[in-house]
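The values are calculated or read from the model by the stated rules, or taken from the named source; none is laboratory data. The structure displayed is predicted, hence computed values, not measured ones. Glycine also receives a Cβ, built like all others from the backbone with ideal geometry; neighbour counts cover every protein chain displayed.
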DNA sequence: GATGAATGAGGATTCATTCAT
DNA sequence: TATGAATGAATCCTCATTCAT
């Protein structure tokens, strides 16, 4: 019965998973646009045309990879988190989930972080929805943290995306052999995010003295118009 | 007659700058590989062939953009920093410099952060050298901070790239109209980086209690083999 | 086990007929070359591979459609015509047969009229034979008409194909809801063909006065070499 | 200045004309869909990519051919027709124009008559507009003829498209060497159309005696459901 | 009889780049 | 300096067809 789109599931699914895995690797290494479907055919030992039995366009392939990642991410988060009273712990669990996933699926991570904008149209929209709801989880936690622990008057978006930035950027520099193993790594990152890099305990306010920072808007006007 | 390599510099430079600026915008918006030289011709109102007077290949164009950014970045940093005794202040100046540049040249920033790996061969190597020396500046500062202020036993690479991550990631989410203006924005980011998001003053050690974090390496083994 | 060439005929034939009917519709609507075997699979709710039990190639499918049409056309003609003495009546019957078939099987008609040259090799040749013999029927009738009724000195091929042209062209414009019903339609067409559109009875000779027509060969030399 | 779409006109136009002419020939011989752009490249001794300087898609190429034909057809008609009082003469001039064009540009004629439906979207629409206005010219003439000369009660659409059918069908059978030369050919066709093939003068009404014709709607019900 | 899975060949189109002028 | 015209190479994708089951 199945006519492209709903092939029989047993073999199909296994093969598709293998294709997604292999493609993610190549996309991560060469970039989505530099990767030709032929590259994927070669890597999967399939024929060019044979691949198209499993996806309709190269872009759909990218979409499938990203979609699966987000779904997995959210699903594991929901399984890992308990209605604990401690916000801070929940944030920690979120970060553990996020980094754990990323370090164990570095190719997919890279693809998600980097090939974000390679999707267009409906594919882009669908991923955007997933991503927004995923981001909202962390943002809500941080908001709760702010309001609950008294807060330092941090900008919510800045606080949220700073953590995402720290975490997502790792694909550009993290080497398993060179850097800390996962558990320690997570600890370090959360330590920085929660307590900062400075040793001292008390928050010194005003802690900065730069003249430029004080002048507000014009502070960096010299930056206008490169070079 | 001026030929390639030694064109009369007056007009040449101005025009080239305009081309770089325009190209950076398009690269930022469509991505390097999705951008065709025709797109650039259209945007600069030049003929396709005419452009090739100013660069030899599309990749060189990307290189020129990135090179100029790094040179500017380093140059301004050197001008802005004084042999101050305070490490923390120097880090702040570095961040101000970095973010100031990024927010005032968002297209170039995006291109630097995102089209990093689109360079190959010699171009890639040259940029790598520049980038490494730029990263080293911050890394050295943080090392100094660690050793001087007593330190919290942070991993140097993690601490360095966490700050870069926070800063470089902004191209994915920062909207001038929606988010904080530059000066406040820098302040927020440094506050998080220096003191963390938690309110409290004293560092609680051990501050975390997660069982998974304690188990070390195996902690996230469930992540193996997506999905 | 029935194998290709001698399948059990009962089910086979019914199913084949259904496939031919469906294919004719799609060929008519999208054109032979634009139609993929997948389109036919979809429309017949069969699997792609399943179809190939009923025909060996897509071209054979087209051949079968055309062949069946011609055979039917000739067969019904032979059944309808009586050794009447009146040539004119026999021509009328031929036209009724032809148009009756066409209007009742518009998809097949379109395919016959339009996808004529989509056949190649042996298929083409076989259809050509059928077509020639079919055309010959009408041509012979018209020849008989000419010689018998005295004739107007008409060119035989021109007279024959003019009628075919009038009839075959209808697939491009005839709409059942908009145009005359079959019986009246046939009448109109034959009236034009037999008596012309002009009202008058007597043939005016010379009926034309155009100077260009008189100049013979060079008349339309301005047409040479478009535009 | 020119950037695809408005190239400089001198050389461009000549070359484009040559491409159109060559393409029309191939389209006529192999059919539009069977013709690959490579075929055209070969026939024009240009490179595949080089062709795309002159048109954006293969379909546009077909459009250009058809458009030019219709424009030429209308333009020459307007130049040829005089506000003569005689409708019949004007119809004759129309037919002369149409057939003259067709016989002198048989490839283009075939393409117009046969590859009609190969256009889609806007291209199709534009040609449809041209075609409708072209058809309207003849239809108006025939209407005038009907009302003026008294008329035989002919259906307007049937009368109009019968003539078009006779004329347009010639691409399927006309051979310059075998058939009548243009002037005589036009004469024959008009004679049939105006006076019919029957010799006699008077219109016999009712001129037909077929029983089936009299039964009206059900006349050809045997045709239902091929075979 | 029927189908899921696979493939070789070919198709339209785009692109970076060049070169004569 | 600048450009119109041209091109080789590559890209994504579709298609008719097959074959083991």
Residue D:121 surrounded by fewer than 22 Cβ atoms within 10 Å (Cβ to Cβ), facing chain C (nearest Cβ under 10 Å) and without any contact (Cβ under 8 Å) to a residue 12 or more places away in the chain: no
Any hit, region A:182-202, residues being at the interface with chain B (Cβ under 7 Å from one of its Cβ atoms), modelled with pLDDT under 95, surrounded by fewer than 16 Cβ atoms within 10 Å (Cβ to Cβ) and over 18 Å from residue B:169 (Cβ atoms): yes
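This table checks each residue for (1) more than 30 Å from residue D:195 (Cα to Cα); (2) modelled with pLDDT under 95; (3) more than 21 Å from the chain's Cα centre (by Cα).
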position: D:7; (1), (2), (3): yes, yes, yes
position: D:15; (1), (2), (3): yes, no, yes
position: D:28; (1), (2), (3): yes, no, no
position: D:38; (1), (2), (3): yes, no, yes
position: D:41; (1), (2), (3): yes, no, yes
position: D:46; (1), (2), (3): yes, no, yes
position: D:54; (1), (2), (3): yes, no, yes
position: D:86; (1), (2), (3): no, yes, yes
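Name every residue in region A:154-177 that is part of a loop (DSSP other than H, G, I, E, B) and at the interface with another protein chain (Cβ under 7 Å from one of its Cβ atoms), in order of residue number.
Restricting attention to region A:154-177, the residues satisfying the condition of being part of a loop (DSSP other than H, G, I, E, B) are A:154-155, A:173-177.
Matches in region A:154-177: A:154, A:155, A:173.
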